[in-house]
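The block underneath contains the structure these notes are about, expressed in structure tokens.
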Amino acid sequence: MAKDINKQYEVIIIGGGPAGLSAGLYLSRARLSSLLIEKGLVGGQIVNAERVENYPGFPEGVSGLELTRLMHEQATKFGLETLLAEATSIELRGEQKIVKTTEGDFIARAVIVASGSERSKLGIRGEKEFTGKGVSYCATCDGAFFQEQAVAVVGGGNAAITEAIDLTKFASRIIVIHRRQQLRATRILQERAFAEPKIDFLWDTVVEEIEGEDVVKRLKLRNVTSGEKSALDVAGIFISVGFQPNTAFVKGVLPLDTAGHIITNEKMETEIPGIFAAGDIRKNSIQQVIAAAGDGATAAIYAEKSIRK
Ligand SMILES: Cc1cc2nc3c(=O)[nH]c(=O)nc-3n(C[C@H](O)[C@H](O)[C@H](O)COP(=O)(O)OP(=O)(O)OC[C@H]3O[C@@H](n4cnc5c(N)ncnc54)[C@H](O)[C@@H]3O)c2cc1C
């Protein structure tokens with residue numbers, strides 16, 4: 001997928017999740033030369049979702065992988081170009097924007113940052129050491145390695161409970177460890193998880209250490225109300241405790257909120273003329289596919305206006 005270094009595009013999109021893909025569709029249909037830069041798998045975080053049931057038009061639900069494969073196919077059909085590379089910084093040269101990447105520099109008149117977020121880490125002993133050896137951040141990717149074994153899921157939000165439910169296909173027992181007394185996940189997910197005989201819950205509990213030899217064997221736990229310590233034997237631990245915005249490469253260029261999200265107005269414009277942001281990366285995003293796709297469309301429309309004015 002080699003591209004001409006220093007090739008000029010009208011718009012460069014950073015990030016190939018639903019926000020970037022939808023921006024790419026609108027830009028290519030507007031006949032603007034557009035390059036989408038993606039550092040991992042085109043599709044973004046939603047490729048981890050076995051079944052998306054809240055994106056309109058799919059009454060039976062659709063896998064996140066298939067949904068974004070279709071989005072990419074649709075945008076590519078209208079002329080969107082894709083580059084597999086990591087954007088490392090954006091430089092301003094007059095009205096031009098230089099996007100520096102691991103595959104060279106690319107020039108654009110407008111940039112849409114749609115780089116989403118990544119899973120937060122627990123930051124405990126054993127987490128780094130056993131990543132890929134029982135510690136995972138993606139049940140869809142790694143669940144099948146735990147056939148008929150006991151695994152833990154850490155977290156209480158939508159992503160954690162979705163993962164726990166997905167894991168019932170493989171694991172013999174799933175223990176959801178949550179530091180509070182109640183889940184934050186949406187009611188329909190809670191109902192499914194509570195009705196699932198393979199899923200148990202450990203409330204008011206945190207994981208303090210992950211132990212093992214070559215692979216994960218046990219978790220050291222602490223009850224946050226009683227202070228009582230315990231151990232839990234598991235073969236795997238799926239960590240789903242929130243997300244970190246992928247904005248390291250725009251620090252110092254774009255204003256960010258305290259959590260690192262990009263601040264935009266309702267046109268998805270940032271403080272820098274010609275740089276837009278869309279999707280989960282935005283301050284106050286509801287972090288859903290439909291919102292990301294909507295943001296991408298809005299950013300594309302206002303990027304087009306800024307170029308054609
Ligand atoms: C397990 C799980 C289940 C979910 N289920 C649902 C659901 O059922 N319904 C729903 O609406 N939402 C769901 N979500 C949330 C949904 O996935 C996100 O809201 C959505 O993907 C956000 O899209 P985005 O395009 O803003 O960002 P992302 O999907 O995060 O995409 C950003 C992309 O940018 C890339 N990137 C980051 N930095 C760089 C860089 N420097 N250079 C190049 N590329 C970069 C990343 O690799 C990534 O592909 C789920 C999320 C998870 C994790």
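Things to note:
- DSSP finds beta bridges in the stretch 116-253, and of those with both partners inside it, around 45 percent are antiparallel.
- Ranked list, fewest to most other Cβ atoms within 10 Å of each Cβ, for V215, V153: V215, V153
- Within the shell of other residues whose beta carbon sits under 10 angstrom from the beta carbon of G44, the net charge comes to -2, with Lys and Arg scored +1 and Asp and Glu -1.
- Helical segments meeting 27 Å axial Cα length and Kyte-Doolittle -0.5 threshold in the chain (DSSP H): 289-308
- Taking the fewest neighbouring Cβ atoms within 10 Å as the starting point, the ordered list for K220, K77 is K77, K220.
- From the C-alpha gyration tensor of the stretch 68-198, square roots of 5λ in Å: 38, 18, 16
- Annotation: amide H-H contacts under 5 Å for V241 (H modelled 1.01 Å from N, sequence separation of 5 or more, or interchain): S120.
- Directionally averaged projected area (the stretch 1-110, Cα convex hull): 7.0 nm².
- For the pair the stretch 159-200 and the stretch 22-88, the centres of their Cα atoms are 28 angstrom apart.
- Two-site FRET efficiency, T102 against Q244, from Cβ-Cβ distance with R₀ of 22 Å, rounded to 0.05: 0.65
- Expressed to the nearest 5 percent, the antiparallel share of DSSP beta bridges inside the chain is 45 percent.
- Ordered by the count of other Cβ atoms within 10 Å of each Cβ, fewest first, F145, F106, F130 give F145, F130, F106.
No lab work stands behind these numbers, since they all come straight from the coordinates. Keep in mind that this is a model prediction, so the values were computed, not measured. With ideal geometry, Cβ positions are generated from the backbone for all residues, glycine too; neighbour counts draw on all protein chains shown.
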